[in-house]
Amino acid sequence: MSFSNDAKLFFVLFILCCYVLDVGIAIDSITSSQSIKDPDTLSSEDGNFTLGFFTPQNSKKRYVGIWWKSESTVIWVANRNQPLNDSSGVVTISEDGNLVVLNGQNQVVWSTNASNLGINSTSKLLDSGNLVLVESTTGNNIWESFQHPSNALLPNMRLTTNKVTGEKLKLTSWKSPSDPSTGSFSASVDRLGMPELFVWNETRPFWRSGPWDGRLFTGLSFMRTNYLTGTYVGDDGQGNVEFILITNLEESGMIVNILNSQGNVEQSMWNEGKKEWVVTWKSHESDCDIYGACGPFAICNSQSSPTCSCLQGFEPRNKEEWNRQKWTSGCVRSTNKDRNMILIISITVTIGTTLIVTCAYIMWRRLNSKHHVRGIFKGILQFNRGRAPVECTNDDVFGDLSQVKLQELLIFSFEKIVTATNNFHPSNRIGQGGFGPVYKGKLQDGQEIAVKRLSRTSGQGVGEFMNEVVVISKLQHRNLVRLLGCCIEGEEKMLIYEYMPNKSLDAYVFDLTKNIVLDWRKRFSIIEGVARGMLYLHRDSRLKIIHRDLKASNILLDEELNPKISDFGMARIFGGNEDQANTRRVVGTYGYMSPEYAMQGLFSEKSDVFSFGVLLLEIVSGRRNSSFYDSENFLTLLGFVWMRWMENNILSIIDPRIYDPSLHKDILRCIHIGLLCVQEFVAERPTMATVISMLQSEIMNLPPPTKPAFTLRHNMLRSMSFAIVSISSIQGR
């Protein structure tokens, strides 16, 4: 008997269809007319996720769970606290529309337990790993496994906390690797001031991520990669705060974070080539990662033996426990130590593989004040540079600043600042300093404040922060911004200033819509005020201070437009008869640096005088030196002023909005003083004391200026390039 080709093809297709029907077809949905019996499974459309029955290692119990690729990576368990004793289990849609797990006696051991369901519902396993229960008529999700997580956080899952009701959407650990029932550890997003990810052991904190800084949790280094990020969503009006883990699966492959039975969060990435998981991060690399491992006022160093040690001037609270290596009770101040002792602390920042350590003094009597700093030191982690532990000594504390003590500076609690700024709400952000944002706030007594918050994502700024605290806490002058206090709590470092309602000078001088507010008399008053403030820094305060970053944006204006010099992060204190210093780290702002500082790292009072001269010419002209461009002559603002001065074309220099013929002589005198301040050679520049005399005396004869430094733009850029090569990188701000 012979068959045609068509008949043969039909026969082959018939056999294949019978085979497929015999072995079954993978499905991704369950309807009211379908069910899954052990060992049947449900698969996502892309085949990566599977829902089915499994037995953990070293166990005989059966559970319904979802896994990625294989049962070795279970990411969700339905009946985790009600296991099945045999293989008679069934997953189906019940009469009330809920998804349920039944045992061999047809008893419900687990249910989605959703209410107000229609008679028609469908359960589907999505490619994201989310198991959803859908109302068939409307297509709306009425239940989803992402809202009832087990111990795994998958991409696009949410962790939420309702600060009103206390309800949390959180991860909960397995009791053990062989028992998926709810363990003692949980992971959630909590807002204790700023939001953080916490692992809790029952009700006690076990690990924390570091606060959310607007882009990442500061202690989670992996969030700096380009394939993984997160979104923190603030209060939604109903008391809910949430964090969403986001990943680019096309770049990274599958990523999962699992809270194991020991309270350790492990992040793993799927290697498709090797068909295996690769652990990329763990929350607990050492004992020191555990919250409060050594208790209060103790140092935890996993590379030392013993791991825990008390801070200098402290001793174990319970010596018997301490000798048994039980350290959680921590340390207390030694009874034979002076109550007013100085405690040296270190602030450490890691940039890539580089470890930066900043040492600082904190007065013990402030540290011991429960009102001001409770909870700051709940154990200090001692980092390592190479093999040697990093330890701060007297010689490490800012060199010349080592003799300056913080005696009367008020220390604010982090909670108080959070309340004052409405949790650093974006609407309260009033500016961006060199090392972090500035927020407006209001204390409970109604006082308005400005909060300069050190950015934790920047490797710069920790030393400058402590430098500013030390320097400005000792200064008192009507033309210097007043520091009210600081906040140093955990990884948070903030400076609290008096609030300046008119912000900074550059917002007026360089804004064509606002500079009319500053007529010549007001501008001259600002010039005088800045000069008086600089003279106080150089000569009249008991500390001789070089500001090193004087510019329009660092001059704040109060309600009456009186100037106040701010931002002392770059300032240096001179001791004794010291008049000049050298640095290999040139910091400041392009266009304001003196030539000897930019090219040789030399700074003195006269380098500040140069910056003042640039500022003065900017105020008179209404033009910004750093962005001034003369296309015909390639001139800087200094070169432009010099050329017009030599041509006796003074009117072209002056901001036309402030010019009045009756004021011509006064404005001309200020331009003359400005040119004297920006002379190329240090000896030809006046001191600030002489500048004030020049400003206040109309009969004082002024010496003729010579050609200033940096008149041509290409010369200035070449000088800057030379400085970069010969000294170090100039840090523009």
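Conditions first: (1) without any contact (Cβ under 8 Å) to a residue 24 or more places away in the chain; (2) surrounded by 20 or more Cβ atoms within 10 Å (Cβ to Cβ). Cys294 passes all but one, so which condition is the exception?
Result: Cys294 passes all but (1).
Would you check if Arg623 is over 41 Å from the mean Cα position of the chain (by Cα), charged (D, E, K, R) and either in a helix (DSSP H, G or I) or in the same structural domain as Val609 (by TED's automatic domain parsing) (or both)?
no
Mind counting the residues in segment 519-550 that are modelled with pLDDT under 90, assigned to a loop (DSSP other than H, G, I, E, B) and of a type outside the set (D, E, K, R)?
3
For segment 633-664, what are the residues that are of a type in the set (D, E, K, R) and either closer than 16 Å to Ile516 by Cα or exposed (fewer than 14 other Cβ atoms within 10 Å of the Cβ) (or both)?
Answer for segment 633-664, where residues must be of a type in the set (D, E, K, R) and either closer than 16 Å to Ile516 by Cα or exposed (fewer than 14 other Cβ atoms within 10 Å of the Cβ) (or both): Glu647, Asp655, Arg657, Asp660.
Looking only at residues in segment 670-709 that are among the aliphatic types (A, V, I, L, M) and not in a helix (DSSP H, G or I), which one is farthest from Phe524 (Cα to Cα)?
Here the answer is Ala709.
Using the structure shown, decide if Trp67 is part of a strand (DSSP E or B) and free of Cβ contacts under 8 Å to residues at least 24 places away in the same chain.
yes
Please go through segment 563-602 and pick out each residue that is hydroxyl-bearing (Ser, Thr, Tyr) and either under 28 Å from the mean Cα position of the chain (by Cα) or modelled with pLDDT under 80 (or both).
Answer for segment 563-602, where residues must be hydroxyl-bearing (Ser, Thr, Tyr) and either under 28 Å from the mean Cα position of the chain (by Cα) or modelled with pLDDT under 80 (or both): Ser566, Thr583, Thr589, Tyr590.
Report yes if Ser94 is of a type in the set (S, T, N, Q) and either under 19 Å from Asp40 (Cβ atoms) or crowded, with 18+ Cβ neighbours inside 10 Å (or both), otherwise no.
Judged against the criteria, Ser94 is a match.
Among the strands (runs of 3 or more DSSP E) lying completely within segment 114-183, list those that include at least 3 residues that are within 27 Å of Leu84 (Cβ to Cβ) and not assigned by TED's automatic domain parsing to the domain that holds Ser72.
Output list reads 171-176.
Suppose we filter segment 680-697 for residues that are over 20 Å from Val530 (Cβ atoms) and out of contact with any Lys or Arg (no Cβ under 6 Å at 6 or more places or on another chain); how many remain?
4
List the number of the failed condition for Gly104; all other conditions in (1) in contact with a Ser or Thr (Cβ under 7 Å, 6 or more places away or on another chain); (2) assigned to a loop (DSSP other than H, G, I, E, B); (3) closer than 30 Å to Ser268 by Cβ hold.
Evaluating Gly104 over (1) in contact with a Ser or Thr (Cβ under 7 Å, 6 or more places away or on another chain); (2) assigned to a loop (DSSP other than H, G, I, E, B); (3) closer than 30 Å to Ser268 by Cβ leaves (3) as the failure.
For Ile667, indicate whether it is in the same structural domain as Gly591 (by TED's automatic domain parsing), out of contact with any Pro (no Cβ under 8 Å at 6 or more places or on another chain), surrounded by 14 or more Cβ atoms within 10 Å (Cβ to Cβ) and assigned to a helix (DSSP H, G or I).
The answer is yes for Ile667.
Report whether or not Glu698 is within 30 Å of Arg539 (Cβ to Cβ), touching a helix residue (DSSP H, G or I) at 6+ places or on another chain (Cβ under 8 Å), loosely packed, with under 15 Cβ neighbours inside 10 Å and assigned by TED's automatic domain parsing to the domain that holds Val517.
yes
With the checklist (1) acidic (Asp, Glu); (2) without any contact (Cβ under 8 Å) to a residue 60 or more places away in the chain; (3) outside any loop (DSSP other than H, G, I, E, B) in hand, flag the one item Glu559 doesn't pass.
Looking at each condition in turn, Glu559 falls short on (3).
Would you pick out the residues in segment 28-47 that are out of contact with any Asp or Glu (no Cβ under 7 Å at 6 or more places or on another chain) and either outside the structural domain of Thr112 (by TED's automatic domain parsing) or in contact (Cβ under 8 Å) with a residue 40 or more places away in the chain (or both)?
Correct list: Ser29, Ile30, Thr31, Ser32, Gln34, Ser35, Ile36, Lys37, Asp38, Pro39.
What number of residues in segment 640-664 are among the aromatic types (Phe, Trp, Tyr) and either on the phi > 0 side of the Ramachandran plot or part of a loop (DSSP other than H, G, I, E, B) (or both)?
Residues in segment 640-664 being among the aromatic types (Phe, Trp, Tyr) and either on the phi > 0 side of the Ramachandran plot or part of a loop (DSSP other than H, G, I, E, B) (or both): 1 in total.
Which residue, of Thr160, Thr138, Thr172, is modelled with pLDDT of 95 or more and surrounded by fewer than 22 Cβ atoms within 10 Å (Cβ to Cβ)?
Sole residue among the options that is modelled with pLDDT of 95 or more and surrounded by fewer than 22 Cβ atoms within 10 Å (Cβ to Cβ): Thr172.
The values are calculated or read from the model by the stated rules, or taken from the named source; none is laboratory data. Since the model is a prediction, treat every value here as computed from it, not as a measurement. Neighbour counts run over all protein chains shown; Cβ positions are idealised from the backbone, glycine included.
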